[in-house]
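Inspection log for the structure reproduced underneath, given as structure tokens.
What follows draws every value from the coordinates through simple rules; no lab data is involved. For clarity, every value in this text was computed on a predicted model and none was experimentally measured. So basically every Cβ, Gly included, is an ideal-geometry build from the backbone, and we count neighbours across all protein chains shown.
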Amino acid sequence: MDASLFEDATHQAYYKTDRHRIRLLVFRSSESPQGWFYQLCDLDTNKFENFPVSDWVSGRTFAKQALDRGVYGVVWPHISNAAQAYNAVSACRYPRLKSASNYEPAGARGDGPTTAARYWGLSQQDYYKKADVWPLVPQGELLVFLMIEDTQGIANLDDILKNVPGIGCVLIGEGDLSQELGYPRQYEHPIVLDAMSQILGTCKKHNIPVGHPHVTSKNVERVLAEGYRFLMSAPVRGYATIEKARTLSGA
């Protein structure tokens, strides 16, 4: 299994060298019958970044800084329409000629791979071959996460997934979503669950994995049964939730 690490810069300041900003760690296993299965761990290895994005110029800048450090993907919060989703994928890709295969979304990432290539253990030329978004580019090893966190995003999700290639996973931001719906952090409220179900259904239609951000030992069986393929669980003193998830999923 591969180990991965999340750094969260949405809810606190982003500092390139601040290792205390780590939010989540995940394992992934392709052996699970549920598809890709992610679990928490405590290993400092592969990294993903989560950025606050007030405008797309600063968003591209944040993404470039993180990707040039060697992260394996970027989590883009508050994606509400196809234009924002396009820009999110674009920021994680290098520019290419229009004649290139899989040209869209057109890359906007600036060059500067020295640190990333060294972190990945590759030559710069080999890094370029792998520094593209999966699954759009099969040999790509960068993953683009979109967070759907409002009703506008839910309404536009089918359009997003239909027209923007290169999205690796959709995460549900049920904190902000439940706030807008009028039931803040009431994650088991029927209205909140219905909104999440709409996201899950749309992603299943397009075969895009969906992430659940608040998996506990109490809801993990339901979460797996509903078809979530990316599980996020906060550790307490151990990982009982994840161990239960592994048993249920056969990982």
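Which value, in debye to the nearest 20, gives the size of the charge dipole of the stretch 138-230 about its Cα centre, when Lys and Arg are +1 and Asp and Glu are -1 at the Cβ?
Dipole magnitude for the stretch 138-230 comes out near 280 debye.
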Check your understanding: Quick one: which of Lys129/Lys162; Lys129/Lys244; Lys130/Lys218; Lys98/Lys205 span more than 32 angstrom between C-alpha atoms?
Key -> Lys129/Lys244; Lys130/Lys218
Check your understanding: How high is the relative contact order of the stretch 169-226, in percent, with contacts defined as C-alpha pairs under 8 Å that are six or more residues apart?
Key -> 38
Exercise for review: Please report how far the C-alpha centroid of the stretch 183-251 lies from that of the stretch 101-152, rounded to the nearest whole angstrom.
Suggested key: 27
Practice item. Could you please report the charge total around Asp150, scoring K, R as +1 and D, E as -1 over all other residues with beta-carbon less than 9 angstrom from its beta-carbon? Key: -3
Review point. What is the extension gain from Glu226 to His214, computed as 0.36 nm multiplied by their sequence separation minus the C-alpha to C-alpha distance, in nm to one decimal?
Key: 2.9 nm
Practice item. For Glu149, list long-range residues whose amide hydrogen, built 1.01 Å from N in the peptide plane, is under 5 Å from its own amide hydrogen. Key: His78, Ile79, Gly173
Exercise for review: Output ³J(HN,Hα) for the stretch 79-86: one whole-Hz value per residue in order, computed from phi by the Karplus curve 6.51 cos²θ - 1.76 cosθ + 1.60 with θ = phi - 60°, and x for Gly and Pro.
Suggested key: 8, 10, 8, 5, 5, 5, 5, 4
Check your understanding: Using 15 Å as the cut-off for backbone N distance, which residues of the stretch 131-163 belong to the label zone defined by a point 7 Å from the Cα of Ile191 along Cα→Cβ?
Key -> 150-152
Study note, to complete from the structure: Semi-axes a, b, c in Å (a largest) for the stretch 187-235, each sqrt of 5 times a Cα gyration tensor eigenvalue, come to 17, 14, 8
Point to revise | Inter-site label distance for Asn102 and Thr151 at 7 Å from Cα along Cβ, in nm | key: 3.7
**Study point:** Cα convex hull volume per residue for the stretch 72-175 (Å³)
**Key:** 98
